[in-house]
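These notes concern the structure reproduced below.
The values are calculated or read from the model by the stated rules, or taken from the named source; none is laboratory data. These figures come from a predicted structure and were not determined experimentally. Heads up: the accessible areas ignore ligands, DNA and RNA and are worked out on the full protein's heavy atoms, side chains in. Shrake-Rupley method; radii C 1.70, N 1.55, O 1.52, S 1.80 Å.
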Amino acid sequence: MLTRRHFIQTTTALFSASICSPLLADTWPTEVQKAAWDAQVTPPGYDPATSNPWGLHPRFLPQRVVVKDGLVPGDIHVDAVARYLYHIEEGGTAMRYGVAIARGKLYEPGTYTIKRKVKWPHWQPTQNMIDRDPELYADIADGMEPGPENALGSRALYLYVGNRDTYLRIHGTPHPSSIGGRASSGCVRMVMAHINDLYPNVKTGSTAFLYSAEDSVVRQS
């Protein structure tokens, strides 16, 4: 079992999920449309370490931090208590991002493989989500087209166990004020500008560790 001593030792070096079913769509946005949406969700003069039009607590802005030896570069670790996602780099560092996790018991700790990546994905609520909140999903039960208001936002990393799609995602959100909280139906949410930075650095086949509250490293008093 993964425990705190296997995970992150950190000082700052720089200063959902929806559980989602795959929507098989007939049309996809063009590269021109994707670029236009990227510009729309990226603040003017964007600097990951300082840009904050979303009003986030400063600790949720991207930072490079020092990590313990032995962590695998490319892997992702999610701290359920501090609401951090760490993307491990070569040389003993990681990029750390603020995230939102699932409400209540919908958060699912575990070890997952990222087997799919999509820019500006489609999204469709699962039947469980519809059954749980029928009024909320009544108008979108058949799915949402890609775009800045889509529940998966600008990028999605699809989490699998073996060859089974868990319907859990690490994804952008059109609701950045949720970062730092518990808001989704299972997935891990990120600010769209932040996941846009993370996305090209994540390879399919990488491992994502979603830690339980008991095994998360950074505890808030």
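Data table
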read-out	value
Checking Glu145 against (1) modelled with pLDDT of 95 or more; (2) open to solvent by 30 Å² or more (accessible area, probe 1.4 Å); (3) farther than 17 Å from Leu106 by Cα, the condition it does not meet	(1)
Filtered residues of region 91-121 (kept if more than 13 Å from the chain's Cα centre (by Cα) and among the β-branched types (Val, Ile, Thr))	Thr93, Thr111, Thr113
Residue within region 120-130 that is modelled with pLDDT of 90 or more, open to solvent by less than 30 Å² (accessible area, probe 1.4 Å), assigned to a loop (DSSP other than H, G, I, E, B) and of a type in the set (S, T, N, Q) present	no
